1. Rounded, prolate or oblate, given the Cα gyration tensor of region 164-269, with a/c below 1.5 counting as rounded?
2. What stretch of the chain, leaving out the sites themselves, is the longest with no GluC sites (Glu not before Pro) in a DSSP loop having at most 15 other Cβ atoms within 10 Å?
3. With Cα Rg over 2.2 N^0.38 Å defined as stated, name the option among (i) 1.22; (ii) 0.99; (iii) 1.06 computed from the structure displayed.
4. Cut-off is 10 Å between beta-carbons; in what order do H353, H217, H310, H284 appear when sorted fewest neighbours first?
5. Counting other Cβ atoms within 10 Å, keep those with at most 11, restrict to DSSP loop, and tell me which trypsin sites (Lys or Arg not before Pro) in region 149-199 are left.
6. Excluding residues fewer than 8 places away in the same chain, name every one of the lysines whose C-alpha is closer than 26 Å to that of K195.
7. Suppose each label sits 7 Å from its Cα in the direction of the beta carbon; what would the S95-Q307 distance come out to in nanometres?
8. Which far-off residues, 5 or more places away or on another chain, put their amide H under 5 Å from the one on G138, with H placed in the peptide plane?
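No value in this document is a laboratory result; all are computed from the given coordinates. It should be emphasised that the depicted structure is a prediction, and the values quoted were computed from it without experimental measurement. Please note: Cβ atoms are built from the backbone with ideal geometry, for glycine as well, and neighbour counts cover all protein chains shown.
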Amino acid sequence: MNRLSLTAKLTAWVVLFGVHETATAAAPTAQEARQSPALVWTDIRQLGVEGRGWTDTKDYYDRLPAKAETTVRPPVWNLARNSAGLLVRFRSDASAIHARWALTSPNLAMPHMPATGVSGLDLYVKMPGGSWHWLAVGQPKAQTNEVELVSGLPEGEREYLLYLPLYNGTRFVELGVPAGSRLQPAGPWGPGRRKPIVFYGTSILQGGCASRPGMCHSAIVGRRLNWPTLNLGFSGNGKMEPELADLLAELDPAVYVLDCLPNMLGREVAERVVPFVRRLRAAHPETPIVLVEDRTYANAFLLPEKQARHDQSRRALREAWRQLRKEGVKHLYYMPGDSLIGGDGEGTVDGSHPTDLGFMRQADAFIKTLRPLLKAK
């Protein structure tokens, strides 16, 4: 094979699979630079960032209001400054979409979670039938990044969805499209008023250890149901504390999903669940509330100590559920944990935190519970 033929094949492979960042290319000539359309950059705040439960935040991309800095524990406050679950939907007829964004921390990855999930961007496109399909990921290489997410898009306007980093804070995000292209907000998720599903939980809900921001189960649920979601997952700190009950009561969701057992021992469950639910129910008499058992450790089948922890926390949660129902609390639902990540041991990174497979399985389980509740709205 001659050099020209090999080069042509490599070029075709690069174009087909979109590996722009890893391919080595010569610098553009002056003529090519003149022919390349200039990019027009738009701050995504102008398009309407979703996943924010409060607008009175210290920084725009925080997940709790500014007043929470003095009411919640410091670890909760610090984690609330990560942009997990935040997203922007937009419509555009652009032939290419670029992004640039800045992060609050130089720690781009974790030993068991890649930089694309911790600090990256994740782009989806809506298909003609209404479903969402993954399109591109923004791979972070520093605290400030600029990447071409996708190019060579055919003519026509489409709806897109861009997720922000899960375990890093976001300073700004801008989208760049060729001059003359349209870029505008997407509009409602669907017909009627769709209040968000509010998820409150642990590191698993925050997205550990998804490969991309869009693979967190709350994000998958949102895409599958075409429904807005709020991600209030706090790594190691989803403990159903009174101050969090007060904050969640300020929201007006379609459903509350309380998924904190991975961070709570049986005695904490027994002490905190009932007063937490009472506070939410006092503020929202009709809003469905879902109590979720902890996912089963992937190796609990052979480790009695881990299985004992499940048994204790789940026993306490079931007793709290029964007590609340006896008190007359309506629209209270219960989700078992055994099916959340599957039973074959393949759904986690470390026995606890899901892989993308584990998150897909969790999303399937949550959708079975949530879909009927949303239809009743």
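1. Numbers: a/c = 2.37, a/b = 1.67, b/c = 1.42.
Verdict is prolate for region 164-269.
2. Values: sites that count: E21, E155, E157, E250, E286, E327, E346.
Result for the longest clean stretch: 22-154.
3. (iii)
4. Listed from fewest to most nearby Cβ atoms, that is H284, H310, H353, H217.
5. Working: sites: R158, R171, R182, R193, R194; in loops: R182, R193, R194.
Those satisfying the criteria are R182, R193.
6. The qualifying lysines are K58, K67, K126, K239, K330, K368, K375, K377.
7. 6.2
8. L121, D122, L123
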